[in-house]
Amino acid sequence: MNRSRYNKIGWVTLTVLGVVGLMGCGSNSNQKALDTTTTGEINISVDETFEPIIQAELDVFHALYPKAKINPHFKAEGDAIADLIKDSARAVVVSRELTADELKPLQDRKLVVRSTKFAIDAIALIINPGNTDSTFSMPNLRDIFSGKVTKWSELGNTNLNEDISVVFDNPNSSTVRYMKELAGKNQFSSKNFFAVKTNKEVIEYVSKHKNALGIIGVNWISDTDDTTANSFLKKIKVAAIAPDDGQPGSGEYRKPYQAYIAQGFYPLVRRVYLLSRDSHMGLGTGFAAFVAGDKGQRIVLKSGLVPARMPVRLVELSDKNLFE
């Protein structure tokens, strides 16, 4: 055999084998890098108002699947959604689905966002224990958040003659967005409105200021078996709200108990979604399936929120006020 021809065939063979070998290595590497529904590591961003329930879900999920590691980052709703769009988070937990404008950059990259509704939550209004006005009608709330009413004395049933100091968790939060939509406002311009950073800070502020009206996610105070929630409840009072005329439960002032949220008698409710942008059957998909499944829904029920995917058994209890 011609030696130069042999060398040429040998180099071609080695080159082909090398390319195949590199392709094989790359394929194995990519497979190893990919997370599955119960293994691997990802980051998720979570609306801070849902920190207690998501932390509880993650504690159980990690115990069941020790090879999985989901790193939660708790922040304002707007920041969480921005993380999903710019690929800083594989999944987010928020109180709404994405708008058409938010979906467009993802669709342009051929990415699909899967939405899983797994709980029904409520907005809680909290006041200082020294304030005797602990009931609000929906017209009262619209007047406060539209800026028509600025003093406690204008509401009548109070021992205060001070300005109403409305405090939110974060300017970019879901609670701010919710109350703006309720009042039909694009912006709160009154001097009576300001924000801190977290729901914990709202609770602390209200506990120290008699004229404060705090807006928080009820999840922070709904699990009465939780020592943190109980410690918060000792510092503040939870307000009762009457729905609009003609709505379920109208004419009755009710606090955000689980049963009233489930029956639609408490008016300030919202849905909780896990939005995942997994391009494969990954850990984001697995966690979404878990929170919507039997174990995840039981955790929602135990937390004081309303499960979205399992029936709630309503039991009439004594008149003991769980929020006092």
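The values are calculated or read from the model by the stated rules, or taken from the named source; none is laboratory data. Not measured: the values here are computed from a predicted model. Counting neighbours? That spans all protein chains shown, and the Cβs are built from the backbone with ideal geometry, glycine included.
Screening Ala100 against (1) exposed (fewer than 15 other Cβ atoms within 10 Å of the Cβ); (2) among the hydrophobic types (A, V, I, L, M, F, W, C); (3) closer than 26 Å to Arg254 by Cα leaves a single unmet condition, (3). Annotation note: of Glu102, Glu57, Glu48, Glu41, the sole residue that is within 30 Å of Tyr178 (Cα to Cα), touching a strand residue (DSSP E or B) at 6+ places or on another chain (Cβ under 8 Å) and at pLDDT 95 or above is Glu48.
Among the conditions (1) under 17 Å from Asp143 (Cβ atoms); (2) surrounded by fewer than 21 Cβ atoms within 10 Å (Cβ to Cβ), the only one that Ala239 does not satisfy is (2).
Take Leu305 and tell me if it is over 26 Å from Thr227 (Cβ atoms), surrounded by 24 or more Cβ atoms within 10 Å (Cβ to Cβ) and not hydroxyl-bearing (Ser, Thr, Tyr). Give the steps one after another, and end with the answer.
Values: over 26 Å from Thr227 (Cβ atoms): no; surrounded by 24 or more Cβ atoms within 10 Å (Cβ to Cβ): yes; not hydroxyl-bearing (Ser, Thr, Tyr): yes.
Against the criterion (over 26 Å from Thr227 (Cβ atoms), surrounded by 24 or more Cβ atoms within 10 Å (Cβ to Cβ) and not hydroxyl-bearing (Ser, Thr, Tyr)), Leu305 does not qualify.
When Arg254 is tested against (1) in contact (Cβ under 8 Å) with a residue 40 or more places away in the chain; (2) under 30 Å from Lys208 (Cα atoms), only condition (1) is not met. Against the list (1) within 21 Å of the chain's Cα centre (by Cα); (2) farther than 27 Å from Asn159 by Cβ; (3) charged (D, E, K, R), the condition Glu201 fails is (2).
Which one is surrounded by the most Cβ atoms within 10 Å (Cβ to Cβ), of the residues in region 33-59 that are closer than 30 Å to Thr228 by Cα and polar (S, T, N, Q)? Per the stated criteria, the residue is Thr49.
Yes/no matrix, rows are residues, columns are (1) closer than 21 Å to Thr116 by Cα; (2) surrounded by 15 or more Cβ atoms within 10 Å (Cβ to Cβ); (3) at pLDDT 95 or above:
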position: Leu233; (1), (2), (3): no, yes, no
position: Ser250; (1), (2), (3): no, no, no
position: Tyr260; (1), (2), (3): no, yes, yes
position: Phe265; (1), (2), (3): no, yes, yes
position: Ser276; (1), (2), (3): yes, yes, yes
position: Val300; (1), (2), (3): yes, yes, yes
position: Val315; (1), (2), (3): no, no, no
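Residues in region 201-215: is at least one under 22 Å from Val306 (Cα atoms), charged (D, E, K, R) and either surrounded by fewer than 20 Cβ atoms within 10 Å (Cβ to Cβ) or not assigned by TED's automatic domain parsing to the domain that holds Glu48 (or both)? Scanning region 201-215 turns up no residue that is under 22 Å from Val306 (Cα atoms), charged (D, E, K, R) and either surrounded by fewer than 20 Cβ atoms within 10 Å (Cβ to Cβ) or not assigned by TED's automatic domain parsing to the domain that holds Glu48 (or both). Number of residues in region 198-233 that are of a type in the set (Ser, Thr, Tyr) and within 19 Å of Gly130 (Cα to Cα) equals 3. Here region 287-298 is the region considered, the condition is being touching a residue at least 60 places away in the same chain (Cβ under 8 Å) and surrounded by fewer than 24 Cβ atoms within 10 Å (Cβ to Cβ), and the residue that is farthest from the chain's Cα centre (by Cα) is Lys295.
Condition check: surrounded by 20 or more Cβ atoms within 10 Å (Cβ to Cβ) and assigned to a helix (DSSP H, G or I). Does Val167 satisfy that? Criteria not met by Val167.
Among (1) assigned to a loop (DSSP other than H, G, I, E, B); (2) buried (at least 21 other Cβ atoms within 10 Å of the Cβ), there is one condition Leu84 misses while meeting the rest; what is its number? The one condition Leu84 does not meet is (1).
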